[in-house]
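S.K.: Okay, handing you the structure first.
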Amino acid sequence: MPTKKIIVVFCHSRAELLNQCLISLKKAVGVDSWSVNVVHQHGFDSVEKVIQKHRKLIDNLIVTKSNFDFPLGNINYNRILGTNFAFEILGADYLLGIEEDSKLSTDTLVFIDFVYNKYKKKKAFRGINLGSIEHGNNITENSYSLLRSGLQGSAGVITRKTWRGIQRKKLFEFDLTDKKIAWDGKIEFYLKSGFMVTPNLSRYLDLGHGGTFAPKSKNDPYFSENKKSWYSKNISVTASYQHLHLNHRIRFDTVRYRFIHSFVYLLRQNEFIYRWSCSIGVTKLLKKLLILN
């Protein structure tokens, strides 16, 4: 039975960036073996025009309305809707979720396929994050790290096994009217109990400065370093990749995966234990004592 590889692009208001996102998808090596789907929150004619321009690329188009009067509520709703559609309706083996303001590298889908096939039988494998801010001549362009991390909403992959774990723990069953709860925060504890594979050079370019929860300036250190890290070369043949650990700075709590520390992270899936550990400074202490050594 062929592997079902699903892409869901989430879009709302940024027409030109969506256009760049979809163009990068068209250029991605291997895209013909994926199902490309779009969750479009209605409201901007310019976005509808971009979608129609690329309609041949899109297998399924889901149009939603603004269900909440605050952005996070709509983001949560659309993300859960698209994720559920990918796994429950389309039967995805793995899902790549992309926000409209992200541009993919040419080899992104090749990298995802390689990682999934290499790690799919590993119990601790949760998915793939595509973003990095690491750069420099000392970084091997086809290398990646295994990290304890949440999912990068801009462009990240979860597997069917991870989705089933999210379902079992009822992590997406929360009050969507709560203005403080984000979908990615709810699943972070579970993802950190295993590892996310992350390229050492970024396989997406984040163009989302000025977005709802993003820094306003394109010169913000995150955006400038992500641009320096972005792997922008074109490839025409299947690439090979190697595990070569690099400490990533994209978030202070993104840390190297070591099996010996798994018990600590399994305990920290409990939200009350996590909040307690943060309140007394245990989280930062764990990073210093357990992870970097």
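S.K.: For segment 1-88, which helices (runs of 4 or more DSSP H) that fit wholly inside it have 1 or more residues that are in contact with a Phe, Trp or Tyr (Cβ under 6 Å, 6 or more places away or on another chain)?
M.R.: It comes to 71-84.
S.K.: Scanning for something crowded, with 23+ Cβ neighbours inside 10 Å and among the β-branched types (Val, Ile, Thr), does segment 138-155 turn up at least one residue?
M.R.: No: segment 138-155 contains no residue that is crowded, with 23+ Cβ neighbours inside 10 Å and among the β-branched types (Val, Ile, Thr).
S.K.: Answer with yes or no whether residue 28 is under 23 Å from residue 206 (Cβ atoms) and more than 19 Å from the chain's Cα centre (by Cα).
M.R.: It is false that residue 28 is under 23 Å from residue 206 (Cβ atoms) and more than 19 Å from the chain's Cα centre (by Cα).
S.K.: Hey, another quick one. Within the group 86, 92, which residue is small (Gly, Ala, Ser), in contact with a Gly (Cβ under 9 Å, 6 or more places away or on another chain), buried (at least 17 other Cβ atoms within 10 Å of the Cβ) and touching a residue at least 24 places away in the same chain (Cβ under 8 Å)?
M.R.: 86
S.K.: I need the full set of residues from segment 184-205 which are of a type in the set (Phe, Trp, Tyr) and modelled with pLDDT of 95 or more, in order please.
M.R.: 195, 204
S.K.: Quick one: which of 10, 44 is more than 20 Å from the chain's Cα centre (by Cα) and modelled with pLDDT of 95 or more?
M.R.: Result of the check over 10, 44: 44.
S.K.: Provide a single number: the residues in segment 191-233 that are part of a loop (DSSP other than H, G, I, E, B), closer than 14 Å to residue 105 by Cβ and touching a Lys or Arg at 6+ places or on another chain (Cβ under 9 Å).
M.R.: 4
S.K.: Something else about it: Applying the selection to segment 112-164, what residues are of a type in the set (Ser, Thr, Tyr), closer than 30 Å to residue 14 by Cβ and not in a strand (DSSP E or B)?
M.R.: If the condition is that a residue be of a type in the set (Ser, Thr, Tyr), closer than 30 Å to residue 14 by Cβ and not in a strand (DSSP E or B), then 116, 132, 149, 154, 162 are the ones that fit.
The values are calculated or read from the model by the stated rules, or taken from the named source; none is laboratory data. Here the structure is a predicted model, which means the values were calculated and not measured. Note that each Cβ is placed from the backbone with ideal geometry, even for glycine, and that neighbours are counted across all protein chains shown.
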